[in-house]
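Notes follow the structure.
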Amino acid sequence: MDRASCVISILRDDPHRWYLLDVVAALDLPDCWIGAGFVRNAVWEHLHQRSAMPICGDVDVIWHDPRRADPIYDREFEALLQAWEPSITWSVKNQARMHVRNGDAPYASATDAMRYWPETATAIAARRIGAGGCQIAAPLGLNDLFGLVLRPTPRFREDKRAIYEDRIRSKSWCDTWPLLTRIEA
């Protein structure tokens, strides 16, 4: 089984995550995904041979639509998601505007935006498609995710290194998932 199919299988085997993918798909937003820890943590739990852990923190929903880049749209979609599934803290961000906050060139798509996230293993997202399908986006590949590697993306190796280091410290990933290996380059 290829790695993208393995991610889909892990998500499908977690009824709560699979349901949340359906909830977000119901928004019917363009280029819309659930990314970051939602997927990464599920895979790391699987690779540590643990049962799926409850979702902690927020669930990152990304989408891309330059015509609706005003943050008011994100707040409206967060409110809808909160009404549909109040047990989750939702974070919705239209990637068509996030380049400004991040000091990058405009992102061409939600997947393009993920290339600028701090860690390679975090730059992954999933979305439901069709009746029972699921699609995985991993612009930096899945090797680090499945290799249990913590590595900064190119933008966070030098220019934004302090942000990367702070995330590693504050999130205590190596304590939660002791099989992780930290690679600096």
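The values are calculated or read from the model by the stated rules, or taken from the named source; none is laboratory data. For clarity, every value in this text was computed on a predicted model and none was experimentally measured. So basically every Cβ, Gly included, is an ideal-geometry build from the backbone, and we count neighbours across all protein chains shown.
Among the residues of the range 158-183, the ones that are in contact with a Lys or Arg (Cβ under 9 Å, 6 or more places away or on another chain) and within 17 Å of Arg115 (Cα to Cα) come to 1 in all. Of everything listed in (1) part of a helix (DSSP H, G or I); (2) under 26 Å from Ala4 (Cα atoms); (3) not hydroxyl-bearing (Ser, Thr, Tyr), the single unmet condition for Ala162 is (2). For the range 50-60, the criterion of being over 28 Å from Thr181 (Cβ atoms) and modelled with pLDDT under 95 is satisfied by no residue at all. Reported count of residues in the range 103-126, each being farther than 20 Å from Val23 by Cα and touching a Phe, Trp or Tyr at 6+ places or on another chain (Cβ under 6 Å), is 4. The residues of the range 85-122 that are touching a residue at least 60 places away in the same chain (Cβ under 8 Å) and part of a loop (DSSP other than H, G, I, E, B), listed by number, are Glu85, Ile88, Ser109, Trp117. Against the conditions (1) more than 25 Å from Ser51 (Cα to Cα); (2) of a type outside the set (Ser, Thr, Tyr); (3) assigned to a helix (DSSP H, G or I), Asp175 satisfies every one except (1). Summed over the range 1-39, the residues that are closer than 24 Å to Arg97 by Cβ and charged (D, E, K, R) give a count of 2.
Among the residues that make up the range 151-158, is at least one of them touching a Leu at 6+ places or on another chain (Cβ under 7 Å) and hydroxyl-bearing (Ser, Thr, Tyr)? So far as the range 151-158 goes, yes, one or more of its residues are touching a Leu at 6+ places or on another chain (Cβ under 7 Å) and hydroxyl-bearing (Ser, Thr, Tyr).
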